[in-house]
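Colleague: Attaching a single structure in structure tokens format; questions to follow.
The values are calculated or read from the model by the stated rules, or taken from the named source; none is laboratory data. None of the values given here were measured: they were computed from a predicted structure. Neighbour counts are summed over all protein chains in view; Cβ atoms, including those assigned to glycine, are modelled from backbone coordinates with ideal geometry. For the accessible areas, the whole protein counts, side chains as well, though only heavy atoms, and no ligand, DNA or RNA atoms are used. Shrake-Rupley method; radii C 1.70, N 1.55, O 1.52, S 1.80 Å.
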Amino acid sequence: MPDPLKDKKIVLGVCGGIAAYKAVDLLRVLVKSGSHIRVIMTRSARAFVGPLTFEALSGHPVWTHMFGRQENTPLQHIAWADEADAVVIAPATANIIGKMAHGIADDPLTTFVLAVRAPILVCPSMNVHMYENRAVQDNIKRLDQIGIKVLPPGTGSLACGHEGRGRLPDVEAIAEELRSLLCPQDLVGERILVTAGPTQEPIDPVRFISNPSSGKMGYALARVARRRGAQVLLISGPTVLPDPQGVSMIRVSTSQEMFNAVMDHVEQTTIIVKAAAVSDWRPVSLFEHKIKKEEVTQPLRLEQTPDILKVLGEKKKGQVLVGFAAETQNLRENACAKLTAKNLDLIVANLVGQTDSGFGSDTNQASLFYRDGRTEALPLMDKEDLAGIILDKVLEIKKA
Ligand code: PMT
């Protein structure tokens, strides 16, 4: 699935708060994702940051005064509202939240917002006591009732010196929420379990058996599924990737831990996608202390790890089960053998051992093999695009 922010017309509303400077970074992230951004600033926002910065980064004049015309139309609030694909207000003050909740239109931003039919995302940021104030909370509930999405603020130390809820969420998290608003919500009601990353099978306290999986493929699946409205549980081996926004995470290390975590949650799922590169082997025994070179007198004894996917195939009760096959040769034969042996609905076979496909890369080249014998060879593409296609195919299988 291409980045939902690409080529979208987004209006960024900036209100007066300490976090107004973070709106500059948000603008930069949105522009980098390929969006076209228009900015509206309230009078108080201009007390914190100058419009020129937003103008330079968006490439458009910033709308600051209701009757100060910048474009060729006297009805700028209608023109911008008509062409917007989405609106984000960050930071949103208690004042703007109150006005939006009650339909007040007394400046460019509030007037514009009333005319918008596209999805709106409001990102409150303020002092914790203001945020917890009953009137503000009632107004936030009202926004939710009238179909405006509110991204709850983060918790931590606030600019006013207090600790608590009120921090503007990370700009990447805001961008991710916007992506979700722009996506079709065709996975609402689905509970998807995704596994990702490698496992590490310890030999002694400092050594382990593993593989080069970065987790990128599985994390892309979790992100895209969540954007499309699914409830997602990501069970991940060790990776350096950040937890995807809005996804429940369980981090594990060994194949046994991954097995236990998957089995604990399988009953509650409707779709399972196993992108993790689970080690097939582990040492029979774990050495208590670091093995010295001179102590190694015989080969390391290995045993097979539990085959998680195979057990899932045996136990499955109505879930759509998708496996991956990482192959360096005989893609079709090996993938089809796994599809049958593990009772899968779909297997995604990718060639590994290449720089732009498989382990570690941002792109992947895969072929899909179905239970009914159908196959599809896909071109090289971004892992998020492949994730989108896999989820489309899962929905087709569910509907068949
Ligand atoms: O993480 P990245 O760097 O983005 O790389 C992505 C990837 C190459 C790891 C991914 O696209 C991929 O191919 N994942 C599956 C890797 C793998 O273990 O393939 P396999 O052919 O050895 O295993 C087949 C299937 O059985 C897989 O779904 C695997 O999760 C599962 N399995 C394997 C062994 C085991 N003990 N338990 C399992 O559940």
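Colleague: Could you estimate the translational diffusion coefficient of the chain from the Stokes-Einstein equation, with Rh from the Kirkwood formula over C-alpha pairs, at 10 °C and 1.306 mPa s, in whole µm²/s?
Modeller: Details: Rh = 23.6 Å.
In µm²/s, the coefficient rounds to 67.
Colleague: OK, next. So how do 28-37, 174-183 stack up, highest first, on mean other-Cβ count within 10 Å?
Modeller: 174-183, 28-37
Colleague: Another question about this same structure. Sum -39500 (n - 2.57) across every DSSP H segment of at least 4 residues in the chain, then divide by the residue count to get the 222 nm mean residue ellipticity, nearest 500. Mind showing how you got there, number by number?
Modeller: Numbers: 14 runs with 139 residues, N = 400.
Computed ellipticity for the chain at 222 nm equals -10000 deg cm²/dmol.
Colleague: With viscosity set to 0.692 mPa s at 37 °C, what whole-number translational diffusion coefficient in µm²/s follows for region 191-399 from Stokes-Einstein and a Kirkwood radius over Cα pairs?
Modeller: Numbers: Rh = 17.5 Å.
Answer from the Stokes-Einstein relation: 187 µm²/s.
Colleague: From the convex hull of the Cα coordinates of region 299-400, what is the mean projected area in square nanometres? Numbers along the way, then the final one.
Modeller: On the way: hull surface 31.5 nm².
Approximately 7.9 nm², given one-decimal rounding.
Colleague: When only alpha-carbon atoms are used, what values of Rg and Dmax, in angstrom, describe region 120-170?
Modeller: For region 120-170, the Cα radius of gyration and maximum Cα-Cα distance read 11.0, 33 Å.
Colleague: Can you give the accessible area per residue of region 109-169, in Å², using a 1.4 Å probe?
Modeller: Details: 3120 Å² over 61 residues.
Heavy-atom SASA per residue in region 109-169 reads 51 Å².
Colleague: Then there's this: Tell me the per residue accessible area of region 191-399 using a 1.4 Å probe; a whole number in Å² is fine. Mind showing how you got there, number by number?
Modeller: On the way: 10040 Å² over 209 residues.
Spelled out: the 1.4 Å probe surface of region 191-399, per residue, equals 48 Å².
Colleague: Over region 9-182, how many percent of alpha carbon pairs lie in each 5 Å bin up to the one with the longest distance?
Modeller: 1, 9, 19, 23, 23, 15, 7, 2, 0, 0
Colleague: Anyone know which of Leu143, Leu121, Leu52 comes out most mobile in the 10 Å Cα GNM of the chain?
Modeller: Answer for the Gaussian network model of the chain: Leu52.
Colleague: Could you please state how large a percent of the accessible area of the chain is carbon and sulfur, counting protein chains only and using a 1.4 Å probe? Let's see the in-between values first.
Modeller: Values: 9750 of 18950 Å².
Carbon with sulfur: 51 percent of the solvent-accessible area.
Colleague: Collect residues whose amide H, placed 1.01 Å from N in the peptide plane, falls under 5 Å from the amide H of Gly13; neighbours closer than 5 in sequence don't count.
Modeller: Under 5 Å from the amide H of Gly13: Ile40, Val88, Ile89, Ala90.
Colleague: Using alpha carbons only, how many angstrom separate the centre of region 255-281 from the centre of region 312-344?
Modeller: If we compute the Cα centre of each part, the gap is 14 Å.
Colleague: Please tell me the relative contact order of region 9-182 in percent, rounded to the nearest whole number, where contacts are Cα pairs under 8 Å and at least six residues apart.
Modeller: On the way: 335 pairs, mean separation 40.8, N = 174.
Computed over region 9-182, the figure is 23 percent.
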